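S.K.: Here it is, the structure, as structure tokens.
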Amino acid sequence: MISIAVLGCGRIGRMHAANIAAHPRAELAGVFDVHGRAAAEVAEGLGVRRFASADEVFAASGVDAVLIATSTPTHVDFIERGVRAGKAVLCEKPIDLSLERVNALRQRIAGTSVPIMLGFVRRFDNGHGAARRALLDGEIGDLWQVVITSRDPGMAPAAYIEQSGGIFRDMTIHDLDLARFMLGEEVTTVTASGSRLVDPALMERCQDYDVVTVLLSTASGRQAVITNSRQASYGYDQRVELLGSKGMVISENALENLVSRHTADGTSIRARLPHFFIERYRQAFDTEIGLFVDAVENGTPVPVGFEDGRIALLLADACFRSVAEGRTIAVSELE
Ligand SMILES: NC(=O)c1ccc[n+]([C@@H]2O[C@H](COP(=O)([O-])OP(=O)(O)OC[C@H]3O[C@@H](n4cnc5c(N)ncnc54)[C@H](O)[C@@H]3O)[C@@H](O)[C@H]2O)c1
């Protein structure tokens, strides 16, 4: 049993805490949140300890690992404290909003043997995973193009957008990581386009974009196209398409059910899309905990690590620069 403490009991922290508590090979050591009521609710609901401070978590001898689900600006400090305390880390994306801070942390923790896993959960989705396996098994031949569609059901609250670091670091970052995972090669150039269509006033105020398209390319010429929108009237749209020399595979949207209607008027499936990320990626979040436990228990490499988090942030920065300067950015310009 790996004993994991959860830092942060907000939207995603409480889901992770419940997943750990339910996992057969993990034990929820307890939870901590600066917002005492949030921590108390989760601790009482799951019947676990509520730590009084982050210090108490990092000092606890019975805690093998920490899951960091606090607000993004706290991640760098908590990762470093986890490493210094010898506790394996599973950290939510992004590592931070500043590449400089991430690079500095990379230097400070260089050479550590403490596992650090990043919560790029989409890698663990059964559908996306099956598409990648088909590629690796040679079913579609040589990979040419990756097309990722990721659209949120509705605009997040203004307060969230204001501190999000912008769409590329907050939202596209998942797809930038997934694109690298599917491409199997490092991205060398980034071209991005950003528009203010859903809430132009808010986007103008935050100097952000709400409808974006990104084109990534690799040294061998493989391409990935990512389309994101902060709003899609029909719900949370999550699809991945891989085109190769011998065919195409598509990881389609998961639907709430698969009932199809066949009448004289025609045929249709009218099921809705799962509401948002917690519903859509339920299986993947659960798998993520299992893979983290495997790596910690067996001393094997984590499936997605600190460097993956750093490169995804670097690509997000390249997207912002591409929009601002209206040109293709070579990734080497940011290294
Ligand atoms: N993997 C995904 O799909 C996904 C989805 C949503 C959010 N996230 C990431 O997860 C993190 C949390 O997001 P959220 O939506 O749950 O936010 P949230 O605001 O709902 O929760 C964050 C919690 O952290 C607590 N907190 C802040 N500073 C703290 C500190 N120093 N010590 C202890 N607790 C502290 C807050 O009180 C709050 O309860 C963010 O980094 C976000 O980018 C990832």
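Any read-out appearing in this document is the output of simple, stated calculations on the displayed coordinates, not a laboratory observation. Predicted model only: the values in this text are computed from it and were never measured. Neighbour counts are summed over all protein chains in view; Cβ atoms, including those assigned to glycine, are modelled from backbone coordinates with ideal geometry.
S.K.: Only counting other Cβ atoms within 10 Å, I'd like 206, 319, 91 sorted with the fewest neighbours first.
M.R.: Result, fewest neighbours first: 206, 91, 319.
S.K.: Let me ask another. Taking H placed 1.01 Å from N in the peptide plane, check which residues at least 5 places from residue 117 or on another chain put their amide H under 5 Å from its amide H.
M.R.: For residue 117, whose amide H was placed from the backbone, the distant partners under 5 Å are 89, 90, 91.
S.K.: Can you tell me the dipole magnitude for the chain around its Cα centre, using point charges on the Cβ only (Lys, Arg +1; Asp, Glu -1), in Debye to the nearest 20?
M.R.: 260 debye
S.K.: Just how many % of Cα pairs in the range 99-149 lie over 13 Å apart, if you round to the nearest whole percent?
M.R.: Tail fraction, whole percent: 73.
S.K.: When the gyration tensor of the range 2-114 is built from Cα positions, what are the square roots of 5 times its three eigenvalues, in whole Å, from largest to smallest?
M.R.: 23, 15, 12
S.K.: With each run of n ≥ 4 DSSP H residues scored as -39500 (n - 2.57), what mean residue ellipticity at 222 nm is computed for the chain after dividing by its residue count and rounding to the nearest 500 deg cm²/dmol?
M.R.: After summing the helix terms and dividing by the residues of the chain, the value is -11000 deg cm²/dmol.
S.K.: What per residue convex hull volume, in Å³, do the alpha-carbon atoms of the chain yield?
M.R.: 160 Å³
S.K.: Moving on to the next point. Would you kindly work out the equivalent ellipsoid of the range 135-196 from its C-alpha gyration tensor and give its semi-axes, the square roots of five times the eigenvalues, largest first in whole Å?
M.R.: So the three semi-axes of the range 135-196 are 29, 13, 10 Å.
S.K.: Among 144, 236, 58, whose Cα projects farthest towards the positive end of the dipole of the chain, with charges put on the beta-carbon of Lys, Arg (+1) and Asp, Glu (-1)?
M.R.: Farthest towards the positive end: 236.
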